[in-house]
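Encoded as structure tokens, here's the structure I'll be asking about.
The values are calculated or read from the model by the stated rules, or taken from the named source; none is laboratory data. This structure is a prediction, so every number in the text was calculated from the model and none was measured. Here Cβ is always computed from backbone atoms with ideal geometry, including for glycine, and neighbour counts include all displayed protein chains. The area values use the complete protein model at the heavy-atom level, side chains included, leaving out ligands, DNA and RNA. Shrake-Rupley method; radii C 1.70, N 1.55, O 1.52, S 1.80 Å.
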Amino acid sequence: MVIDKYLAMLPAITEGNRGFWEGAAHGELRLQYGPSGVAQYPDYPVDRVSLDGPLEWRKVSGRGTLWSWVVMHQNYFPAFADETPYLVAYVELEEGPFMMSTIIDPPAELQCGAKLEVVFDKIDDERSIPKFKVVG
């Protein structure tokens, strides 16, 4: 994978998402919480339930369940040219929100409902990408 092309695809680090990226750089999956106490991802300017603030990023379990997945054989993104085919996973996090990611070293037979745990792929000093592995 060409790192510069990969980094160009990632969102800019902003005040709104900085807590997520700082957590990932330290090996922590963090979700945003507001006054309602409901975890939200991706970041949003207000609590999606109470429509109020303040918001904070909290470290969460890093555990989830495989909800669905697709194996991409078409090369849509030049940054992934060397990785085709690649797996895109839709993960339901233990705290509630869903996250799109990938599964490292997937078993030959994946199943919906598989238990997952987050791992981090360090891209550079500021960016580590959350990925998942099957556990149990």
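In the range 49-72, what count of residues is obtained for those that are over 15 Å from the mean Cα position of the chain (by Cα), among the hydrophobic types (A, V, I, L, M, F, W, C) and more than 14 Å from residue 20 (Cα to Cα)?
Step one: list which residues in the range 49-72 are over 15 Å from the mean Cα position of the chain (by Cα), which gives 49-56, 70-72.
Applying the additional criterion that residues be among the hydrophobic types (A, V, I, L, M, F, W, C) yields 49, 51, 55, 70-72.
Still in the list and also more than 14 Å from residue 20 (Cα to Cα): 49, 51, 70-72.
Looking only at that region, the number is 5.
Quick one: in the range 49-97, which of the residues that are under 28 Å from residue 34 (Cβ atoms) and β-branched (Val, Ile, Thr) is least open to solvent (accessible area, probe 1.4 Å)?
Just the residues of the range 49-97 that are under 28 Å from residue 34 (Cβ atoms), to begin with: 49-68, 89-97.
If we keep only those that are β-branched (Val, Ile, Thr) too, we end up with 49, 60, 65, 91.
On the way: 49: 97, 60: 18, 65: 38, 91: 0 Å².
Per the criteria, the residue is 91.
Can you name every residue in the range 5-35 that is charged (D, E, K, R) and part of a loop (DSSP other than H, G, I, E, B)?
15, 28
When you check residue 105 against the structure, is it open to solvent by 60 Å² or more (accessible area, probe 1.4 Å) and out of contact with any Pro (no Cβ under 7 Å at 6 or more places or on another chain), yes or no?
Yes; evaluated as a whole, the condition is true for this residue.
Further question on the same structure: Identify all residues within the range 20-40 that are surrounded by 18 or more Cβ atoms within 10 Å (Cβ to Cβ) and among the hydroxyl-bearing types (Ser, Thr, Tyr); write none if there are none.
Selection gives 33 alone.
Of all the residues that make up the range 108-136, how many are closer than 28 Å to residue 8 by Cβ and either in a strand (DSSP E or B) or open to solvent by less than 100 Å² (accessible area, probe 1.4 Å) (or both)?
Qualifying residue count, the range 108-136: 15.
Given the options 18, 48, name the one that is out of contact with any Ser or Thr (no Cβ under 7 Å at 6 or more places or on another chain), basic (Lys, Arg) and more than 14 Å from residue 127 (Cβ to Cβ).
Values: 18 fails: more than 14 Å from residue 127 (Cβ to Cβ).
So the residue among 18, 48 that is out of contact with any Ser or Thr (no Cβ under 7 Å at 6 or more places or on another chain), basic (Lys, Arg) and more than 14 Å from residue 127 (Cβ to Cβ) is 48.
While we're here: Could you list, in sequence order, the residues of the range 62-95 that are of a type in the set (Val, Ile, Thr), in contact with a Phe, Trp or Tyr (Cβ under 8 Å, 6 or more places away or on another chain) and over 18 Å from residue 129 (Cα atoms)?
Once the filter is applied, which keeps residues that are of a type in the set (Val, Ile, Thr), in contact with a Phe, Trp or Tyr (Cβ under 8 Å, 6 or more places away or on another chain) and over 18 Å from residue 129 (Cα atoms), the range 62-95 yields only 71.
In the range 78-91, is there at least one residue being assigned to a loop (DSSP other than H, G, I, E, B) and modelled with pLDDT under 95?
Yes, the range 78-91 has at least one match.
I would also like to ask the following. I'm checking my understanding of the structure. Among residues of the range 1-52 that are among the aromatic types (Phe, Trp, Tyr) and over 19 Å from residue 96 (Cα atoms), which one is modelled with the highest pLDDT? It would help to see each step written out before you state the result.
First pass over the range 1-52, keeping only residues among the aromatic types (Phe, Trp, Tyr): 6, 20-21, 33, 41, 44.
From what's left, over 19 Å from residue 96 (Cα atoms): 6, 21.
Values: 6: 72, 21: 96.
So the residue we want is 21.
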